[in-house]
Structure formats: structure tokens, C-alpha cells
Amino acid sequence: MTLPRTLGVCYYPEHWPEEIWAEDARRMAETGITFVRIGEFAWSRMEPTPGTYDWGWLDRAIAVLGKAGLKVVLGTPTATPPRWMAERHPDMFAVDREGRPRAFGSRRHYDFSHEGYRAECARIVTAMAERYGRNPHLGAWQTDNEYACHDTVLSYSPVALSAFRDWLARKYQSPQALNRAWGNVFWSMEYDSFDQIGLPNLTVTEPNPTHVMDFRRFASDQVASFNRLQVEIIRAHSDAPIAHNYMGRVTDFDHFKVGADLDIASWDSYPLGFLSDRIEATEEHKAHFLRQGDPDNQAFHHDLYRAVGRGRWWIMEQQPGPVNWAPWNADPLPGMPRLWAWEAFAHGAECVSYFRWRQAPFAQEQMHAGLLRPDSAAAPALGEAAQVARELAQMPEAGTGAAPVALVFDYESAWAWETQPQGRDFDYFRLVTAWYRGLRSLGLNVDILPPDAGDLSAYKLVLIPGLATLSRPLLKALEIHGGQAIVGPRTNCKTPDFATPVPLPPNLPGLDCTVARVESLPPGIEIPLQGGGAIRHWHEVLEGTADMALTTLEGEAAALRSGRLTYLGGWLDETALAHLLRKTCVELGIAVTEMPCGLRQRCTQTHRFLFNYNPAPVTFDGITIPAAGVHWSAL
């Protein structure tokens, strides 16, 4: 599938004198920008007092942008309810795990379960959709902003408790059924009424893990229903596509369920901030990629959100310079804003939108760079954005490119291993991204699949690490899959009610393999493997008659294989994982390309792209790619 590709920018006309809007719009168009996102934080200007709307400034801003040939992405302002809203609904604030209410004075200060606030959101979204839904300058919608940012999905408030009890009653129908599912005979935790059930916080020791998992599912469903409320209103008044801007390394809610109601998945890409704040790596790794970002983190999210968007995805916010929120905020190496954009396009992005147009000289984000400085002079990324726009005009449509390998990702599994990690450093996201990194180091295109994927026929190799419960569609797809699948570790080891299943895991059809015991390994402890590398973090003792596909130096099974299915009983280090992936790909006839450190490859339908994340040039296949450079050639 080929899609048009273009650039965007985030703009806040309410922050700037109206007399400069036209000049800003002219410069945006001159840069090659097509889409301009506005409005997502402006509720206090849209509705200064309850029920009194002021649309004049927004009408004029949209008209000015449209006159310059720009299309507007209009954000619903529900992430920042105004001060009068807090006075109108004093119980609308989320409550943290320690029982402390969140407060006004920042953003995302609402509880997803508060029905009064939901009604206020429906009212403002209806007013916006009725006024702008058919506006000729409207290009797309964005719902709210960055669900889950600042740890705002899980709320332990009275309104959340009431909604959670209703959710449980609908799911289980009776307290007796809930008691059986949760195993509440343990520690005399049985309930006689749904009204007796509390939230899983402030307990003396750990709460029942099934209680926690149901609370996580409930909280995720609240996000999805909150988003759906807005989507249904917008669709009644507008044909423009609807997106939400997700974030990096956030698993607080099921993005696939939210994405099912949307037309486009978008995400906010901040490579340097994430390297400093959200990626486990050695200090040497972070120092080497300080001004470029991790070579695989952005690509992983591109592929994840391509899956969430069912093929349609954008970057709604692309880092152009230093950010303000990470522990350390480096300045990108010259060339990186261009590289990040081109890597997104090579993974199928329709639009890359830089955040923001002009750096704000006031309030919380005044240290966050934009395409312009606060004095309106060009920041370094402005020229790079213009270069990307010129190159896009010359580059034929390239499509996303086929992938021979698929990797399954599941948000509920992230909750499961947060709930019961068993080892302090067992992190589902890190496990999955380690496998993704291994595939990227072999130069492979990768598709990410949801946990209920029912068709694997397009892939020679499917990887399923750490999936707590295999869904029926995925199990059926595995049974008929003609390629190879590597499953584990810690896959299919929980029932949907978070109990240990009998027969014991992994209980895969056609594979005589049983996980007899498990252990978590502290840092510095490893189990060496024959052929090199080792098991770290997590180790399973395997029993069964299937063939040994991987063994420890002591001759014990580390992976068992039968036919097209392999179960892996441990968390492999980088060396062992590379060996296993390379060997499997060669067996399957998947062409691999060993990539040098910091150099990554992506093939589209028509072109091969090389991205150099290194701070120095790299020569590869007779081509020298400069530091922070991009090279493409026709296939």
C-alpha cells in the first residue's frame, strides 16, 4: 500500500499575538509543512466561563492557516480542563496509589471514570464538531492528548471504585463467580457483595494478583470508552479522519482497543528524551547515542503504532531540539531531525509533525525547543524540515515494504509481569524490544502483531516472547502456520484469570514440553549456553521429549523444538539471541544483513534506506553514510 507523505507542525495561536499568525502561516507553508495541529490545550480560551463560548479567535486562526494552504488537525481540549471546571466538579481529580488526590495547576487533571467530567467533554466536543466538522480547512482530528501521560490511567478515587464495582458486576454477574475466578478462598478474601470490594491499593502486603489484573483491565476499558465517546460525537458531524497521539514506552492501557475506534494511530517521538528517561542501557551506550537516540527505539514504536492504526499512522510530535522533561536534555546532532523523519516515512508514516513551531518563552515548557526560537529566528531543525519537504517532493511513493518476520506484542502481558514480576528486573517491554533489536541488527523488516492475531500466513518466522496467555485465535493460527514460531519464555503460563494452568505451560499443541520450575536470576548471574551467550534474568527448567534446540553447558534443555514450533525457556543475552535468530533465519531462507553498530536498514517496496545513528561516518556495502546521515537507493 502506498500513501502520501507530508510534514506537519504543532502550533498554539492562543500563545501568540494575532498580528503574527499570518506570517507564521506563510513561513510554515514556505518550509513545506502541510498539516498544523492546534487547539488541544485551549479549553479555557474556547469556553472562558461555563456555557459561554468564544470561537472567534479559533475561527480566525483556522482561516489564516487555511488561506496559506495549510490543513488543520484540530485537537479536542479535554486533557486540560479549565479552572472553573474544578470548581464545578471538585471530585473530578484522580487519586494516586497512596490515596492522595491530584491537583489543579498542570494538565491531565481528571479521572476517566468521572461521569460529570465525561458529560462536560461530550458538550465541548459536540460544540467543536458542529462548528468545524465541515470546515474546508479541516484535515483531521485529534482526541484529547497523550492518554496515560503523568501516570493518570490508574485512579484510586471514589468514582473509580464505584465504576470498578459496576465493571466487575457486569463481568462476573455474582460475587461467588468472582470469588472462584480470583481464588479468594486464599487468605479468607471471599466477598458476599460487589459493594465489599475495594481497590487494590493500601493493602498490608501485595493484593490478589487477579484483583490487580481486573483493575488494570477496567482502567484500560475506561480509557477506551472515554475516547469512544469523543469519536462517536465527531463522526456524527465530520468525515475527517480521527487520531490520538500515543506515547513511547507506555503500556498503561491497551492501545489496540483504543485504536479500534480511530482512523489513524499517531505517537509522540522524542528520541533523546527517551534515551535519557525510558531506555535501560549501559552508560557507554547512552553516551554514544546521546545526541542521536537509541537506534531501535523509534523504529519499534513506528511498527507498533502501524499495527495499532491498522496500517495508517503518523508522528504527531517529533522532537526538533532539546526537550525540557528528561533527566538530561541533549541537543540533537545536526541531521537527526531529518533522519528521524525519514526513518518514520520508511516505516510507512503518512505525516511527521514537529513539536513545536515556536519555542514558548513562558510556563512549563519554555525549555522545549521548536522549529523557531522564542524570538522567531530559525532554530536548526527548521532547515532540516525544509530539506525533508524538498526531498519528499522528489521521492516517489515507496510504501511500507513486506516483512518476513512478525513479533507479537500484548499490553495485558505488560500488566501481568508488573503485577507478578517474580524477578525485580523482569520487564515485558524490555524483553520484547530486545527481540526487536536482535531482528533489526540483522537488517530485517519486522511487523508487530496484536495478541489476537488470527492470520500468520504472511510470515516465515513468528516470535512470541513473554505472552502471558495465548488467545484462541493466535493458538489456532499457530496450529496452521506454515513457517516457524519461537515462543517463550514465560508464554502461556497464566489462565485469563491469572492462575497457573494445568496442564502446566506452555501446553502447546504438538510440542512435548513442560515448564517444570522457574527461577529469576539477579544481576551478574547467568547460565552459559553451548554455542555462546547465556541466559540472564529468567530461567525455566524444561521437561519433555521434543528435540533440544538450545542447551546449557551442563547439557540441560534451554529450548525444545518439534516441527515448526520452538519453546524457549529463558531470557537470552544479546549474543545467544543473535545466534538463535541468525540460525533460524538461515534455515528458513530469510536473507539477513549483519548491521554495524548504530547503522540500521529498512526496505520499502521500492527503496532500501540506511540510517546512521552514529556520531561518525560509517562505510557499509561500499557506501559511506555521514554521521546522522540517511542514504537510500532503488531496489
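The values are calculated or read from the model by the stated rules, or taken from the named source; none is laboratory data. Keep in mind the model is a prediction, meaning the values are calculated, not measured. Heads up, the Cβs are rebuilt from the backbone with ideal geometry, glycines too, and the neighbour counts pull from every protein chain shown.
Whenever a residue of the stretch 437-456 is within 21 Å of Gln605 (Cβ to Cβ), its partners that are part of a loop (DSSP other than H, G, I, E, B) and modelled with pLDDT under 95, lying with C-beta atoms within less than 8 angstrom and at least six residues away or across chains, give the pairs Asn445/Gly401; Asn445/Ala402.
Condition check ((1) modelled with pLDDT of 95 or more; (2) assigned to a helix (DSSP H, G or I); (3) more than 16 Å from the chain's Cα centre (by Cα); (4) within 24 Å of Pro596 (Cα to Cα)) across all residues:
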{"residue": "Leu262", "(1), (2), (3), (4)": "yes, no, no, no"}
{"residue": "Asp268", "(1), (2), (3), (4)": "yes, no, no, no"}
{"residue": "Ile279", "(1), (2), (3), (4)": "no, no, no, yes"}
{"residue": "His285", "(1), (2), (3), (4)": "yes, yes, yes, yes"}
{"residue": "Gln292", "(1), (2), (3), (4)": "yes, no, yes, yes"}
{"residue": "Pro295", "(1), (2), (3), (4)": "yes, no, yes, yes"}
{"residue": "Ala299", "(1), (2), (3), (4)": "yes, yes, no, yes"}
{"residue": "His302", "(1), (2), (3), (4)": "yes, yes, no, yes"}
{"residue": "Arg306", "(1), (2), (3), (4)": "yes, yes, no, no"}
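Tell me which residues, restricted to the stretch 217-245, are among the small types (Gly, Ala, Ser), out of contact with any Gly (no Cβ under 7 Å at 6 or more places or on another chain) and under 25 Å from Glu317 (Cα atoms).
Just the residues of the stretch 217-245 that are among the small types (Gly, Ala, Ser), to begin with: 219-220, 224-225, 236, 238, 240, 243.
Filter once more, keeping what is out of contact with any Gly (no Cβ under 7 Å at 6 or more places or on another chain): 219-220, 224-225, 236, 243.
The answer is Ser220, Ala224, Ser225, Ala243.
Between Glu391, Glu317, Glu350, the distinction of being crowded, with 24+ Cβ neighbours inside 10 Å and among the acidic types (Asp, Glu) belongs to Glu317 only. For the stretch 1-94, the helices (runs of 4 or more DSSP H) that sit wholly inside it and include 2 or more residues that are at pLDDT 95 or above and closer than 30 Å to Leu199 by Cα are 83-88.
Out of Ala169, Ala160, Ala181, which single residue is over 30 Å from Gly75 (Cα atoms) and either touching a Ser or Thr at 6+ places or on another chain (Cβ under 7 Å) or not in a helix (DSSP H, G or I) (or both)?
Details: Ala169 fails: either touching a Ser or Thr at 6+ places or on another chain (Cβ under 7 Å) or not in a helix (DSSP H, G or I) (or both); Ala160 fails: over 30 Å from Gly75 (Cα atoms).
Criteria check complete, one pass: Ala181.
Taken together, the residues in the stretch 323-334 that are surrounded by fewer than 19 Cβ atoms within 10 Å (Cβ to Cβ) and closer than 19 Å to Ser353 by Cβ amount to 2.
Consider Ile525 carefully, then state whether it is outside the structural domain of Gln605 (by TED's automatic domain parsing) and surrounded by fewer than 22 Cβ atoms within 10 Å (Cβ to Cβ).
On the way: outside the structural domain of Gln605 (by TED's automatic domain parsing): yes; surrounded by fewer than 22 Cβ atoms within 10 Å (Cβ to Cβ): yes.
When the stated conditions are applied, Ile525 passes them.
Within the set Asp296, Asp261, Asp254, Asp303, the sole residue that is closer than 23 Å to Arg228 by Cα and touching a residue at least 60 places away in the same chain (Cβ under 8 Å) turns out to be Asp254. Among the residues making up the stretch 590-635, those that are among the aliphatic types (A, V, I, L, M), closer than 12 Å to Gly335 by Cβ and in contact with a helix residue (DSSP H, G or I) (Cβ under 9 Å, 6 or more places away or on another chain) are Ala628, Val630.
Count of the stretch 28-56 residues, restricted to those that are within 22 Å of Ala341 (Cα to Cα) and surrounded by fewer than 19 Cβ atoms within 10 Å (Cβ to Cβ), is 3.
If you go through the stretch 171-178 one residue at a time, do you hit one that is under 18 Å from Ser220 (Cβ atoms), outside the structural domain of Gln222 (by TED's automatic domain parsing) and touching a helix residue (DSSP H, G or I) at 6+ places or on another chain (Cβ under 9 Å)?
We begin by selecting, within the stretch 171-178, every residue under 18 Å from Ser220 (Cβ atoms); these are 171-172.
Now narrow it down to the ones that are outside the structural domain of Gln222 (by TED's automatic domain parsing): 171-172.
Narrowing further to those that are touching a helix residue (DSSP H, G or I) at 6+ places or on another chain (Cβ under 9 Å): 171-172.
Checked the stretch 171-178: at least one residue is under 18 Å from Ser220 (Cβ atoms), outside the structural domain of Gln222 (by TED's automatic domain parsing) and touching a helix residue (DSSP H, G or I) at 6+ places or on another chain (Cβ under 9 Å).
Ala516 satisfies every condition listed in (1) closer than 26 Å to Lys171 by Cβ; (2) part of a strand (DSSP E or B) except (1).
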